[in-house]
Structure formats: C-alpha cells, structure tokens
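The values are calculated or read from the model by the stated rules, or taken from the named source; none is laboratory data. Keep in mind that what you see is a predicted model, and the values were worked out from it rather than measured. Positions of Cβ are backbone-derived with ideal geometry, glycine not excepted, and every protein chain shown enters the neighbour counts.
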C-alpha cells in the first residue's frame, strides 16, 4: 500500500471494476455517490491514478473526447489491481482502526469482494471487536477497584459504546447476508 490506507486509490480500483473510465468520470461518480471519505478531490484522484498506473494496477486502454474538450485517458483495472483491491479491502474490514473512515470506505466498497470473503472479513472483525470489548471490561473493572474517579474513564466508556454499536451493526449485516436480504451483484452506471 502506497500510504497508510490510500482510500482514494482504493476507491479508484473499486470503481474501475465497474467499467473502464477516465479520471473525470471517476471524480463525478465519487461526488454523485457521496463517497465523503475521499478527500482532496480532484488533485488526490489524479495523483492516485498516476500511482496506480505506475504500479501497473491500472492501465490506459484508450482516450475519450467529448465535444471540444481535451482528450481524456481511459483506464481499466489489471488482474494485479483486482488482487490488490481485494487484499486492501480485507485488511480494512478485518482490522479495527482508530481512523473510522477506513472502515466506512471498506463498507462502501464491500461488494468488490466475493461474498464468502466479505463474510469471513466481517466475522474476523467481529471476533476482534469482541476481544477488544472483553479487554475494556476487564480494564474498567480493575480501574474501578482502585477508586479512580469515573470521570477519568469516560473515553474508555465511549470507545466501548462505539465498539458495541459497531459489533451490533456487523452482526446485523451478517444476518442479512445469511438470509439473502442484501443483493450482492449490483450494476452501477457511471
């Protein structure tokens, strides 16, 4: 991964699984679908496209011209790009991170994973969160026994509440997947 999470690059890879596109099309789609975790547009998008092309995760496949506008290079994702997309998504889904935008991005792009992989990644995250919650509970009990004022533990209570809510949401999504309530094959027009 080029940077910590490279959410812009991840989104470009995901959108190129839908169809080959030029950066301006990708930019419009990101705005139209409110992928608010993508920041720094349009400059960050063009830099991500350059990085992904340099790393051969995407390749130019032609140019497009509308009216008197300049030609725009159209890119498509490579097999290596697809593998990288799946690996990055699995990592973001499986491992809780203090930067919650990474999980929001991964959830937004969840459909890029095959359904069994998505289930496994969400179950792995749920198990990790259960472990975190158990550790927080033990820590809070130990601190309570010391007589430390509860006001000093509010941040732990907040983290516990956020993890509990996330765990409940993940379990709900897994339940909906198991019952077939979420369409996995979605056709998206850009």
Item to complete: Filter the range 170-189 down to residues that are assigned to a helix (DSSP H, G or I) and exposed (fewer than 12 other Cβ atoms within 10 Å of the Cβ) and give me whichever is modelled with the lowest pLDDT.
Response: 178
Practice prompt. Mind listing whichever residues of the range 51-102 are surrounded by 19 or more Cβ atoms within 10 Å (Cβ to Cβ) and not in a loop (DSSP other than H, G, I, E, B)?
Written response: 52, 58, 75, 77, 81, 84, 85, 88, 89, 92, 93, 102
Worksheet item: Is it the case that some residue within the range 25-40 is in contact (Cβ under 8 Å) with a residue 12 or more places away in the chain, surrounded by 13 or more Cβ atoms within 10 Å (Cβ to Cβ), within 15 Å of the chain's Cα centre (by Cα) and part of a helix (DSSP H, G or I)?
Response: yes
